[in-house]
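Worksheet for the structure shown next.
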Amino acid sequence: MHYFLGLYEKGMPRLLTLREKLTETKSAGYDFIEHSIDETEEKISRLAWSNQEIRELHCLQNLAFELSRQPGTMYAINPRAK
């Protein structure tokens, strides 16, 4: 049986950037990070991200996925969450 183990974003320090959260998630051995949209302005603003901001997140996701394909590494983003 194969399963994915993820880390909920709210379980990480708020001061970390998305890139840092992805890196820390990967280094801790998790398969993906579950992003949050809640009552905070920072997270609600994700609903209004520009196409450029969305592309940047996808680039980070793709980079994490490509790194996972290298021997001895794991990925930090669920590739199905596109």
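Just a few scattered comments:
- Pairing each residue of the stretch 1-16 that is of a type in the set (D, E, K, R) with any residue that is assigned to a loop (DSSP other than H, G, I, E, B), provided the two are 6+ apart or on different chains, yields C-beta distances under 8 Å for 9/35; 9/36; 10/36; 10/38.
- Inspection of the stretch 38-52 finds no residue satisfying the criterion of being loosely packed, with under 11 Cβ neighbours inside 10 Å and within 12 Å of residue 7 (Cβ to Cβ).
- Pair list, Cβ under 8 Å, 6 or more apart: the stretch 41-63 residue within 16 Å of residue 17 (Cβ to Cβ) and among the charged types (D, E, K, R), other residue modelled with pLDDT under 85 and not in a helix (DSSP H, G or I): 43/36; 43/37; 46/35; 46/37
The values are calculated or read from the model by the stated rules, or taken from the named source; none is laboratory data. Note that the structure is a prediction, hence the values are computed from the model and not measured. Every residue, glycine among them, receives a Cβ derived from its backbone with ideal geometry; neighbour counts consider all protein chains shown.
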